[in-house]
Amino acid sequence: MSLSSLTSKLSARWARHGYPQFVWWIPLVMYGSTAIALVIGVAQRSGSGDVAAAAGLALISSIPWVFDALAIRLRWWLTAPLAAVPTLVLMAQYPVGYDFAIFSLVMLVGHLGALEKFVESLVATALVCAAVGFLGVTGDVEASAFWIAGIVVGWDIGFIMQYQQRRLDAQESMAVAAQAAAVLEERQRIAREVHDVIAHSLSVTLLHLTAARRSLEDEDVDVAEAAEALLDAERLGRQAMAEIRHTVGLLGQGGGAPRPAPDLLDVTALVEEFRGAGLDVVLEISGSPEDVPAQTALGLYRIAQESLANIAKHQPASRAVVVLEADASRQALQIWNTLPSPAAQGPRDGAGLTGMQQRAALLDGHFAAGPRDGVWVVEVAVPARAAETCRLGLPKILRPGFRAAPSPGTVTP
């Protein structure tokens, strides 16, 4: 078994038993340093004939470290005495000058500081310091004040390691959560784009197919008109497939240079497309749409596209008007269409209204949709100032018998 696979398995076991995810060499250094300290402590007593007893005490002191290396986690109140008492007995019963075994106590409190709770590790460190201080008073340990300071520094380093590791783990968790949220948001965005493309294309295609069917059902069959409607439906179908491939292609790599997203300047072409498919729709534009930020312009365009697609789906014979007021500071969009019967004024199911509401929310805009004065109204205002949202009366263009005259910024059929 290679060293990397061994350390990976041990790290996994440590994590399962509640150990922080330290890099593999940190526990390796801690275990190795403790073993070296105990071995040197035993070697320092080899000339006095006490080496066997010293070795036995060192082995007892190393028991908690062996359990820890095997990811068998002992409680702190068991680890501290098992590791510290044999070492303290070794130092008291077989004293030597500059005893190196005491360094294992420094590693012990550092180990507890890195793994245990703050209060528990602090209590264990205080007890070890008290024991070393007592041995210093009795004369069994030289420079006890120096070693007490070293023990405190060891605990502090261990506690800092634990705190830093937990901060790193928290940041990693936050990064994973942020990445998951970004992936979800991107999926939702692509889902909205695909939905809008499909809804728009199918609505207009169905209008062309309806026109072709009616032409063929008419007694005076106009084959050329029917063929033209079918060609338009075919063209829109191919265009929709290309847009869907482009949108889905954004999920992969090497999708090529992105095409420019539509903006408010494309609303005129959008209305013309629906009008060409037979929808009675008029566009009124005021302000300077070219000054609208790109993200806002795309969102408003998609809302207009989805609204017209809904009209073509639910009320293809109705009269509709698109009112756009746009400049760099504020944008307002309204889409009205007549409702021929009270039954048609009920809520519309599906993802269309939800998608439009989500797009408006992404723009920090106010969104409203529903029946009003015998018409269905969809409106959005950016910024989200509900009190300033356009609450215009029923447009003249939607009143029975009204025929709009061409005017600057207005497109009429």
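Structure notes:
- Figure legend: label point modelled 7 angstrom from the Cα of Val223 along Cα→Cβ; no residues of the range 260-304 have amide N under 19 Å from it.
- Pairwise Cα inverse-distance average, inverted: Kirkwood Rh of the range 32-160 (Å): 14.4
- Placing a label point 7 Å from the Cα of Ala43 along the Cα-to-Cβ direction, the residues of the range 97-140 whose backbone N falls under 18 Å of that point are 97-105.
- Put simply, the C-alpha atoms of the range 293-335 give a gyration tensor, and the ellipsoid matching it has half-axes of 23, 11, 5 Å, longest first.
- Our estimate of slack between Thr268 and Ala170, defined as 0.36 nm per intervening residue step minus the Cα-Cα distance, is 30.2 nm.
- Compared with the direct C-alpha span, the chain from Trp77 to Met241 gains 52.1 nm at full extension, assuming 0.36 nm per residue.
- With every protein chain in place and a 1.4 angstrom probe, the accessible-area ranking of Val267, Val137, Val66, largest first, reads Val137, Val66, Val267.
- Extents of the range 98-142, largest first, come to 33, 18, 7 Å (Cα atoms, principal axes, whole angstrom).
- Pairwise FRET efficiency - Arg372 versus Leu28, Cβ, R0 = 56 Å, nearest 0.05: 0.15
- Amide H contacts of Leu279 (H built 1.01 Å from N, under 5 Å, at least 5 apart or other chain): none
The values are calculated or read from the model by the stated rules, or taken from the named source; none is laboratory data. Quantities reported herein were computed from a predicted structural model and do not represent experimental measurements. Because the Cβ atoms are built from the backbone with ideal geometry, glycine has one as well, and the counts that use them run over all protein chains shown. Surface accessibility is based on the protein's heavy atoms, side chains included, excluding ligands, DNA and RNA. Shrake-Rupley method; radii C 1.70, N 1.55, O 1.52, S 1.80 Å.
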